Structure formats: C-alpha cells, structure tokens
Amino acid sequence: MIQPIKTFDAYQEAYTKSVNDPAQFWGEVAENFDWKSPWGKVFSGDFSQAESKWFEGATLNITENCLDRHLAERGNKLAMIWEPNDPKERFVRYTFRELHEQVSKFGNVLRAQGVGKGDRVCIYMPMIPELMVAVLACARIGAVHSVVFAGFAAHSIADRINDSGCKLVVTADALYRGAKQIPCKAVIDEALLSCSTVEKVIVYERAQWPVEMVVGRDIWWHEAMASASTHCEPEVMQAEDMLFILYTSGSTGKPKGVVHTCGGYMVYTAYSFANVFQPKESDVYWCTADIGWITGHSYLIYGPLLNGTTTLVFEGVPTYPDPGRFWQVCDKHAVNIFYTAPTAIRSLMAAGEDHVLSYSLDKLRVLGSVGEPINEEAWHWYNIHVGKERCPLTDTWWQTETGGIMIAALAGVSPLKPSFAGYPLPGIQPVLLNQSGEEIAENEQEGYLAIKFPWPSMIRTTYGDHERCRLTYFDTYKGYYFTGDGAKRDTNGMYKIIGRVDDVINVSGHRFGTAEIENAINQNTHIAESAVVGYPHDIKGQGIYAFVVCKDKVFDPVNLRGEINETVTAQIGKIAKPDKIQIVSALPKTRSGKIMRRILRKVAEGDVSNLGDTSTLLDPLVVEEIVAGKL
Ligand code: WTA
C-alpha cells in the first residue's frame with residue numbers, strides 16, 4: 001500500500017527524486033501493487049510521436065488491486081456506501097467482500113454474453129452501485145469500459161458507441177435526479193437505431209419505469225445475475241492494454257475517445273489519491289462527481305478502492321430535497337474527506353449559509369475542489385462554512401487526458417493559497433510557455449500550461465485516431481504535452497489556473513467544444529449559421545452564449561430560441577443548452593471569412609468598451625448591430 005508523504009520537506013525530496021530519476025521513482029511506487037509478472041522497463045516514450053509506455057511487459061488486473069488484495073485484511077470493511085436520491089430511501093453498503101462478489105458475478109454475466117478481453121462496453125447508467133459494479137466487472141474480464149454520462153442524448157451516445165464499436169450496452173430503465181425521473185433505456189433504444197455493433201443490452205431496473213425489451217437483444221440485470229457464479233477469474237492484462245475509453249470535448253470536431261491503460265493509470269490514480277487526500281484507514285471519502293466523468297473514474301472508483309478506502313456514491317443532486325443535502329449526507333455517513341466542484345459550492349453559497357449551518361460536519365477533515373478554477377469567494381465560503389477553517393482545502397487541477405491530479409496541495413502537507421492549485425505532484429513537470437513556445441523561467445508570469453515529461457496515467461491515444469491525439473496535444477509545442485489551459489506562477493512558484501485558452505468552454509465543470517455546440521445548433525433547419533462563445537457565469541463558471549443567424553426573413557424570436565434549445569437538447573443533451581441566444585443578421589467575419597470570435601467574446605462578457613481593431617472586418621456595421629442587441 002502507498003504510504004503518503006507527510007511533510008513538505010518530504011514532498012520536496014520526493015519531487016526532486018522524481019525529476020532526477022523518474023524510472024527509479026515510479027518503479028518504487030509501483031512496488032506497492034500486486035502484479036502478476038514484473039515489468040521490463042519502467043517507461044519509454046517519445047512526446048513528438050505522442051507515445052508513452054509504462055511498466056511494459058508487466059501483467060496485472062486492476063480489480064485484483066482494488067478488491068482481491070484487500071479481502072484478507074479489509075474483507076468486512078465497507079468498500080462503498082450508496083446514498084440514494086431520495087433521503088427517505090434506504091441506503092446500501094457493500095463491504096470489500098460483497099463488492100468483490102458482485103463484480104465477479106457481473107464479470108461472469110458479461111462473459112456469458114460473449115464479451116471478452118478488448119471488447120468495448122458502453123455503460124449508460126444512473127449513479128447507483130450497479131454502475132460501479134459494471135465498470136469494475138469490465139476491468140475484471142479485460143473489456144474496455146466506455147461510460148457515457150447519463151445526461152447525454154441519443155445522438156451523442158450513438159456517436160460514442162459507433163466510434164469505439166461497442167458490443168454491449170449496460171443501462172437502467174430510468175434514473176432519479178432530484179424531483180425528476182428521466183428514462184435511460186428508451187434513450188439507448190433510440191441511439192441503437194443507428195448503431196450496428198451492439199449485440200446485447202443489459203438493463204438494471206432502478207425506477208420501475210416501463211421499458212420495451214427487444215427479444216434476443218435485451219436482458220434484465222437481475223435475471224442474469226441470479227445464477228451467476230461468484231468466482232470470476234481475472235483476465236491477465238498487459239500494463240499497456242486498454243482499461244477504458246472516456247469521451248471528452250476538444251476545440252475541434254466530435255468528442256474524442258481518450259484512452260487510458262491498465263498499469264500506469266492504476267499506479268498514478270492510487271498514488272495521487274493517497275497523497276492529495278491523505279486518507280486514514282477508517283475514513284469515509286466522498287467524491288460528488290458523476291462516474292460519467294473522469295473525476296468519477298479516477299477518484300470515486302479506482303483511486304479510493306486501490307487504497308482500500310471507503311467511497312461514497314451519491315445518486316442525487318446538491319439541492320434536493322433542499323440545498324442542505326450535501327451536508328446532511330456528510331453528517332449521516334460521517335464523511336471525513338469531501339471532494340466537489342466549484343459550481344456546486346457556488347450554487348449552495350447562493351442558497352445561503354443556513355443550510356450548511358444546520359449540520360455539524362464535525363467529521364470532515366479534508367476538502368477538495370475540481371473541474372474549474374475556484375474563485376476566491378467560493379474558496380473562502382467552502383473553507384469557512386464547510387471546513388470550519390480546520391480542514392485543508394486542496395484545489396486539484398487535472399484533465400480527462402491526464403488521468404489523475406497533476407497540480408494540487410497534498411492535504412495538510414503543502415501550503416495553501418486561495419484560488420491557487422499550488423505545486424505539482426511528484427513526477428509531474430509543468431512549465432509555462434510563451435507565444436513562441438519557449439519556457440518562461442521567471443515567476444510572477446502567465447503563460448500556456450504544458451507538461452514536459454511523461455507521467456504514468458497520461459493519455460495514450462484518442463481511440464481509432466492516433467494522429468488526432470498527436471496533433472491535439474503534442475504538436476502545438478514540440479516536446480511538450482499541451483493542456484489547453486492558461487496559468488500563472490506566483491513568486492513562490494505556486495500555480496494558479498486561469499482557464500482554457502482554446503475553444504473549449506467549461507460549463508459547471510463539463511467540457512464542451514464551441515464547434516460541437518455550433519454543429520448542434522446548425523442542425524436546426526431555420527439556422528443559417530452560428531457562433532458560440534463562453535462568458536462568465538456566477539454559478540456555472542462559464543455560460544454558453546450563442547449568436548445565430550436565421551435563414552428566414554420573418555421569425556418569432558421566442559419560438560426560435562425554444563427550437564434551438566430543443567435541437568441542442570436532442571443532439572447533445574440538456575447540459576449543453578445555451579444560456580443566451582442572440583439572433584443576429586450576420587456574424588462578424590474577416591474578409592477571408594473567419595469569424596472574429598474575439599469580438600463575440602467581448603460582447604458576451606458585456607465588455608464592449610474596447611472591441612479592438614475591427615478594420616479587417618468585411619462589414620464593420622454588423623458589430624454595431626450585435627453590440628446594440630447584446631443580452
Ligand atoms: C479545468 C476534469 C482550474 C481546466 C478533472 C481543464 C480546472 C479542464 C481545474 C479539464 C482546477 C479542471 N482549476 N481549472 N482545479 N480542474 N479544470 O477533462 O480547464 O473534465 O483543462 O477534467 O477543466 O476538464 P476535464
């Protein structure tokens with residue numbers, strides 16, 4: 001088991017060692033796991049080719065490290081606590097032994113349906129224990145899980161299933177989210193109309209929602225599990241075999257399937273979890289992220305279970321039945337470590353202190369933040385009202401592509417500074433680059449955030465298109481992994497993440513490419529073209545502002561906006577609906593036809609005092625109209 005670093009001096013020592021001799025450093029960290037056979041070389045790779053291999057030659061199964069190896073000492077310890085959406089419904093707890101049993105059974109169910117090593121499985125489920133079981137069961141039998149957040153629409157699911165050629169889908173009848181019930185199976189049925197690779201669908205009954213079962217294709221979870229054996233031989237995986245695919249948005253094209261592999265991902269998620277959160281053996285840890293995002297993969301499932309930590313899974317939302325729910329759950333299950341997103345903090349902050357002051361929160365010891373920059377106001381509110389100024393608050397910067405936390409305080413070990421992520425974890429070598437791609441050596445500077453040396457859980461490829469991976473992350477600045485974020489370093493070398501410098505917007509911690517939303521809007525037959533930008537939003541961090549040009553001369557703006565929202569909901573999902581839609585007669589374009597987004601961003605931000613040089617515009621009058629009509 002990983003022994004976390006306990007002092008800042010020890011951190012600095014570990015950091016220096018990790019930079020001077022990465023192979024030795026990571027080799028020693030990797031000794032903390034059960035491998036079936038040892039590696040030949042700790043790592044090899046070449047950033048220019050987007051290649052990185054870790055622990056090559058070694059074999060393992062990550063679920064043996066998450067579950068089996070804890071059975072002797074922690075068999076009866078809780079692995080997972082599940083808190084349902086409705087506080088009146090009974091919660092569920094699984095010990096490591098029980099979780100091991102469920103995972104083994106479902107692994108056998110998948111195998112019985114012909115799923116084997118390397119096959120892709122799409123998981124589209126509510127936040128229920130069975131989602132975690134399905135993920136781990138895939139890993140157990142060497143199938144590649146591709147979890148799709150259960151808020152995406154049929155169209156987006158179909159794209160993801162087709163891109164990776166999934167053989168099987170695991171879903172549920174419906175899900176509960178706050179006061180709403182939302183169907184899942186019906187959405188999958190619709191998606192599958194345009195997918196030819198899926199042979200079977202396994203359906204968990206969560207909400208007694210009527211579903212149509214397709215004969216020969218659809219199987220009930222409970223029926224399949226009833227007779228499944230509790231012994232499931234773990235598949236022997238190479239360290240560099242694929243563990244999962246997770247789709248994420250970039251600045252161009254369709255979302256891409258970020259690929260993570262078994263060995264490096266295991267070592268890094270476990271190492272970073274132990275060091276950042278400093279869990280104690282008796283702790284209850286709660287990460288509020290959905291398993292549909294990377295945070296749910298790395299720090300709700302793998303990181304905690306690899307460390308033998310009890311992890312809490314919450315089905316609901318922060319504001320249901322009232323904005324005290326998070327704190328009620330913390331008290332109810334005696335949560336010690338709590339990891340959430342700034343958007344949740346801001347929305348609870350807006351609901352007033354009373355909700356949080358009604359709970360004791362006396363078991364909390366460590367707080368974490370993830371997903372977007374945390375503004376100072378939210379940082380202080382979280383620190384004072386939730387942490388009672390006695391819990392270190394670690395702001396963790398990382399990405400789907402990095403697999404694990406890259407820059408963050410080690411709780412109780414590293415110095416804290418509001419709205420700063422702080423120092424890199426051992427093994428992580430961040431740099432700031434200037435416009436020309438040169439490293440900025442001085443502190444008190446801003447630049448593009450890049451990483452100059454491989455780390456075990458870095459992205460291996462984008463599924464089915466390695467060149468896209470190389471071009472997106474390794475080509476902009478040769479010799480570096482480019483993050484797409486801007487950052488600054490203070491006098492002490494602490495990092496503060498400023499935000500995306502590309503066409504990615506971060507809405508409540510969810511990433512969307514502006515092009516992705518524009519493509520969706522343009523599916524509406526009334527729309528000639530559109531341009532989407534982000535703007536500062538009090539709760540969501542960034543909101544979506546769409547400028548649209550209508551084909552029709554006469555239209556009803558209210559209807560048109562409603563229709564656009566419907567189109568986006570159908571194409572991507574409700575989560576990508578624009579917050580503001582401004583209908584304009586034309587977009588500001590240069591003579592070469594390029595949309596001047598800089599101007600649109602300024603208008604959306606409400607800062608029209610200085611729009612900069614507009615002389616290269618084809619029609620400068622358009623700008624006046626846009627400014628006059630800003631929302
Ligand atoms: C942003 C989520 C500032 C950032 C783990 C990054 C953050 C993108 C932070 C990745 C943070 C995430 N401070 N910004 N602590 N954490 N981001 O792939 O812009 O969903 O590039 O991964 O979120 O989002 P993703």
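Peptides 602-615, 69-82 ranked from most to least packed, by the mean per-residue count of other Cβ atoms within 10 Å: 69-82, 602-615. Each residue of segment 321-326 was assigned a 3J(HN,Hα) from its phi angle through the Karplus curve 6.51 cos²θ - 1.76 cosθ + 1.60 (θ = phi - 60°); the sequence is x, 8, x, x, 4, 4 Hz, with glycine and proline shown as x. Suppose R0 equals 51 Å. What FRET efficiency, 1/(1 + (r/R0)^6) with r the Cβ-Cβ distance, do Thr569 and Arg93 give to the nearest 0.05? For R0 = 51 Å, the calculated efficiency reads 0.90. Across segment 229-281, C-alpha contacts under 8 Å between residues 6 or more apart give a mean separation that, scaled by the residue count, equals a relative contact order of 30 percent. Across segment 508-628, the mean sequence separation of Cα contacts (distance under 8 Å, 6 or more residues apart), normalised by length, yields a relative contact order of 23 percent. At full extension, Lys551 and Lys388 could sit 53.1 nm farther apart than now, given 0.36 nm per residue minus the alpha carbon distance. Bridges between two residues of the chain, per DSSP, are antiparallel at a rate of about 60%. In terms of its C-alpha gyration tensor, the chain comes out rounded, because the ratio a/c of the largest to the smallest axis stays below 1.5.
With R₀ fixed at 30 Å, the C-beta to C-beta distance from Asp490 to Glu353 puts the FRET efficiency at about 0.50. Cys residues of the chain that find no other Cys beta carbon under 4.7 Å: Cys66, Cys138, Cys184, Cys195, Cys232, Cys262, Cys287, Cys330, Cys391, Cys469, Cys550.
What does the C-alpha gyration tensor say about the overall shape of segment 315-446? Classify as rounded when a/c is under 1.5, otherwise prolate if a/b is larger than b/c, or oblate. Since a/c reaches 1.5 and a/b is larger than b/c, the shape of segment 315-446 is classed as prolate. Sorting 616-629, 198-211 by their mean Cβ neighbour count within 10 Å, with the most densely packed peptide first, gives 198-211, 616-629.
Taking 7 Å steps out from each Cα toward its Cβ at Glu199 and Asn522 produces label points 3.8 nm apart. Over segment 508-628, the hull volume per residue, using the convex hull of the C-alpha atoms, is 110 Å³. Structural descriptor for segment 21-131: relative contact order 16 percent, calculated from alpha carbon pairs under 8 angstrom and at least 6 residues apart. Descending by average beta-carbon neighbour count within 10 Å, the peptides 259-270, 449-460, 566-577, 148-159 line up as 259-270, 449-460, 148-159, 566-577, the highest first. Placing a pseudo-label 7 Å from each Cα along the Cα-to-Cβ vector at Asn559 and Ser282 gives an inter-label distance of 6.6 nm.
Every read-out reported here was derived from the displayed coordinates using simple, explicitly stated rules and does not represent laboratory data. Fair warning: this is a prediction, and the values are worked out from it, not measured in the lab. Ideal geometry is used to build each Cβ from the backbone, glycine not excepted, and the neighbour counts take in all protein chains shown.
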